[in-house]
Structures are given as structure tokens and as C-alpha cells.
Amino acid sequence: MIQLLANTRSKEYPVFLSAGAMAGAGRLWRSLGNEGKVVIITDSNVAGLHLSSLAQSFAASGASVQSVIVEAGETAKSLENTTGLYSRLFALKTRRRDAVCALGGGVVGDLAGFVASTYMRGIKLIQVPTSLLAQVDSSVGGKVGVNIPEAKNFVGTFYQPDMVITDPSLLKTLPRSQLVEGLAEVVKYCLISGEDFFANFEMSHDEFLSLNLAYVEPVIRRCIEYKLRVVSEDERDFGRRAVLNLGHSVGHGIEAAGRFELYSHGQAVALGLLAAVRLSVQVLQLPGEYPERLETLLKLLGLPVRIEGIKPAQVIDAMASDKKADDLSANMVLLRRLGEPVINCDVEAGMLRREVERLAAEA
Ligand SMILES: NC(=O)c1ccc[n+]([C@@H]2O[C@H](COP(=O)([O-])OP(=O)(O)OC[C@H]3O[C@@H](n4cnc5c(N)ncnc54)[C@H](O)[C@@H]3O)[C@@H](O)[C@H]2O)c1
């Protein structure tokens, strides 16, 4: 079992990573000195697949276990569900010595984490991520929250979990489209983490796609380690943590221009990464081989490399109104080298427009 240590200003906590780790969740939780009840929050897809094994693991360690199931999908991340969950926790007599355990993808992790961070001013939180995106990214770092009708992720807190159990074997039940969705974030980590990681992933991506866990586990580990390092330096996202937004400003523009229907988050991020890497060549003299290498990799992974069905101007307009792009020309993350992301890069508006147009134009 690999044990990584998250070391943030607000909390230190272990991330246990290995295939089969979920079976030991109860024992691990107990070994950290916890004795209270565990309320598992999961979604309607994951419940039928993994809930009973996790509940058994906690029960076998002597914990009293309850579970609450929310509907699967982004709409579950709502204030209505949040208040409903407060009431369920209250009805179950959940108190501060007890824990909420989020079993699911990023939606459940964000929702259950937000509930845990605010119920009784904060109770214990365990993250058991089941999607690739949640395993490599959202389950660590402590950003939790919900959507409001006007905007995604607009209400939330920074609240680190007390334990994370990352079990790559859970990915075996993940639909292929959701696996590919998470791969966009993996590619982002390859780019910001270093040439060796990128080159390894280029070579082993098919092993990853077929979920050969001997290849999957070290890739997930590298992503988590990177994120933990960044979060330990900048827990509350005042500076360095912005490197995690590589590809996300153009990506959000594409997602919003497609009304969150035409392009999924991962697809939009893939396109945003391509734009960012091309801009990096022009602005920071990133070696010119990377745009082509990235494009080839994205295609092999089943991610898009051009936009269809939306106009470049719509993307630019959406970027201008995006919360993460107040000043369009001075707020991009680019790469000087692989492993050397630079935040707040000054990209001239015309150059940005040309790159978005290029995404729409190329065959
Ligand atoms: N907190 C953060 O730092 C952070 C970072 C990135 C994204 N996010 C958030 O994460 C969310 C997206 O997360 P996601 O992509 O995991 O979406 P998700 O939680 O909706 O999961 C995707 C789909 O896969 C299903 N699923 C998950 N694990 C499964 C498994 N093992 N087997 C079968 N089905 C499974 C889910 O039921 C769902 O239908 C967004 O709301 C986004 O805002 C948060």
C-alpha cells in the first residue's frame, strides 16, 4: 500500500493508494484513531457497484455505518441536496465525532465534502474517489462546493479531508467515456509535471486505456503527488495553485459556448490544453515539437483536437465573462518547458483569438 502525506496549513492527512485499498478502509480509518459512526454519501450509479463493499469494510472494523444515495450527475451538486443531506445527517444523529465518507466521482466528493465542512461547523471527512478525475484531482486539495443556478462551483469552502482512499481497481466499472474524461486532467498533469512523465504516458497510454493497473497506479500517484505539492504551497488558491488551471481558461470558454452540452469538461480541457501549448511556443518559446505530440496523444486517447458546432467568437465572449478570466489578455497559464508552468502570462488578445480560430479551422 502506498501512503502519501498531504501537508497543508489547515490539516495533514494520508492518501492511501493501491488496487484493493477500499477493502481496508475501515481498518485504516480506525488505525488513525477514529471511532465514531460513518455516513457514506454516494450516487445512484456507484451505490449498486461499490457501496456494500465499502460499508462492509467499515462495519468489519466495528464502526456503525449508514448510507445516503443522491441522484447521479452534476445536478446533484445543489443547495437543495445540501440542505436535504443536513436533515438526513441530523436524523441519523450524526455528531462531530462522526464522519461523512464521499464514495463517488467529483460530484459526490464536492457535495459530500461541502456538507461535511458546514454541518455542525465541520465534521470528519473521508474521500473514496471512484472516477479517474476524482482519483487524480478533485479528491485531494480540499476544494468542496456546489453549483447555484447562475454558476458552477460558486458556493463552497476549502476543507481538507481526514483520509483519502484511492483504489484504481474501482475504475474497472467506470464507463469508457468517463475514463476518457479524466484522461484530459492526466494529460494536464503530464504537461505541468515534466517531460519524463509526458513521454512515459505517450508510450504507455494504451495500457492505461485498457486499465492495466500496473501502469495506472504510478500515473495516478504522480498526479496526486503533484497536486499535493502545489496545494501544500498554496492551499487557498492565491497564486501557485493556478498552475492547475493549464488549459482551463480556453476550456471553460469552449464548455460555456457549447452551453455545457456540446463539449464535456474533459473534452473542453483537452482543446484548451492544445491552445495553451501552441500559445506557449509563441509566448514562452516552448520547444516546437509539443503541439504535434500533444495533438497525437489526445487523438489516441479519444479526445477532440478541434471545435465544431460553435464559433470562435462565442468562445472568446464566454472567456471574457468567465470568473477565471477577468483580464482576458493577462491571465493564462502557459509552459516554458514541460514541468515549468508559468502563471499570469500576458497573451495578446489577437494572438489568443487566432489560436481559438485555429482550433475551429483545422481538419
Ligand atoms: N474539487 C475539486 O478540486 C474539483 C476538481 C475538478 C473537478 N471537480 C468537480 O468534479 C465534478 C466532475 O467529476 P466527475 O467527472 O468524477 O463526475 P461525476 O462525479 O458525475 O462522475 C461521472 C459519472 O461516472 C459515474 N461513476 C463514478 N465512478 C464510477 C465507477 N467507479 N463506476 C461506474 N460509474 C462511476 C458517476 O455516477 C457519474 O455518472 C464536477 O462537478 C467538477 O466541478 C472538482
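Going through the range 108-129 one residue at a time, which ones are among the hydroxyl-bearing types (Ser, Thr, Tyr) and touching a residue at least 40 places away in the same chain (Cβ under 8 Å)?
Ser117 - this is the single residue of the range 108-129 that is among the hydroxyl-bearing types (Ser, Thr, Tyr) and touching a residue at least 40 places away in the same chain (Cβ under 8 Å).
May I ask you to list the residues in the range 176-192 that are more than 14 Å from the chain's Cα centre (by Cα) and near the ligand (Cβ under 9 Å from one of its atoms)?
Ser177, the sole residue that qualifies.
Taking the stated definitions as given, is Val128 of a type in the set (Val, Ile, Thr) and near the ligand (Cβ under 8 Å from one of its atoms)?
No: the conditions fail for Val128.
Show the residue pairs meeting these rules: Cβ distance below 6 Å; 6+ apart or different chains; first residue within the range 95-107 and in contact (Cβ under 8 Å) with a residue 24 or more places away in the chain and away from the ligand (no atom under 15 Å from the Cβ); second residue open to solvent by 10 Å² or more (accessible area, probe 1.4 Å) and not in a loop (DSSP other than H, G, I, E, B).
Final answer for the pair search is Arg96/Met120; Ala99/Lys124.
If you take the residues of the range 87-129 that are open to solvent by 10 Å² or more (accessible area, probe 1.4 Å) and among the aliphatic types (A, V, I, L, M), which of them is nearest to Ser177 (Cα to Cα)?
Val107
Collect the residues in the range 289-322 that are surrounded by fewer than 15 Cβ atoms within 10 Å (Cβ to Cβ) and of a type in the set (Ser, Thr, Tyr), keeping them in residue-number order.
Thr296, Ser321
Checking Phe90 against (1) in a helix (DSSP H, G or I); (2) among the hydrophobic types (A, V, I, L, M, F, W, C); (3) within 15 Å of the ligand (Cβ to nearest atom): exactly one of these is not met. Which one?
All conditions pass for Phe90, except number (3).
Kindly provide the set of residues from the range 147-173 that are outside any helix (DSSP H, G or I), surrounded by fewer than 22 Cβ atoms within 10 Å (Cβ to Cβ) and hydrophobic (A, V, I, L, M, F, W, C), ordered by number.
Selection gives Ile148, Ala151, Phe154, Val155, Phe158.
Given Thr157, Thr173, which one is touching a strand residue (DSSP E or B) at 6+ places or on another chain (Cβ under 9 Å) and within 13 Å of the ligand (Cβ to nearest atom)?
On the way: Thr173 fails: touching a strand residue (DSSP E or B) at 6+ places or on another chain (Cβ under 9 Å).
Answer to the selection: Thr157.
Out of Gly84, Gly26, which single residue is away from the ligand (no atom under 15 Å from the Cβ) and either open to solvent by 20 Å² or more (accessible area, probe 1.4 Å) or touching a residue at least 60 places away in the same chain (Cβ under 8 Å) (or both)?
Values: Gly26 fails: either open to solvent by 20 Å² or more (accessible area, probe 1.4 Å) or touching a residue at least 60 places away in the same chain (Cβ under 8 Å) (or both).
Gly84 is the lone residue from the list that is away from the ligand (no atom under 15 Å from the Cβ) and either open to solvent by 20 Å² or more (accessible area, probe 1.4 Å) or touching a residue at least 60 places away in the same chain (Cβ under 8 Å) (or both).
Would you say Ala63 is assigned to a loop (DSSP other than H, G, I, E, B) and either in contact (Cβ under 8 Å) with a residue 12 or more places away in the chain or closer than 15 Å to Val128 by Cα (or both)?
It is true that Ala63 is assigned to a loop (DSSP other than H, G, I, E, B) and either in contact (Cβ under 8 Å) with a residue 12 or more places away in the chain or closer than 15 Å to Val128 by Cα (or both).
The values are calculated or read from the model by the stated rules, or taken from the named source; none is laboratory data. All values derive from a computational prediction rather than experimental measurement. Positions of Cβ are backbone-derived with ideal geometry, glycine not excepted, and every protein chain shown enters the neighbour counts. With ligands, DNA and RNA removed, areas are computed over all heavy atoms of the protein, side chains included. Shrake-Rupley method; radii C 1.70, N 1.55, O 1.52, S 1.80 Å.
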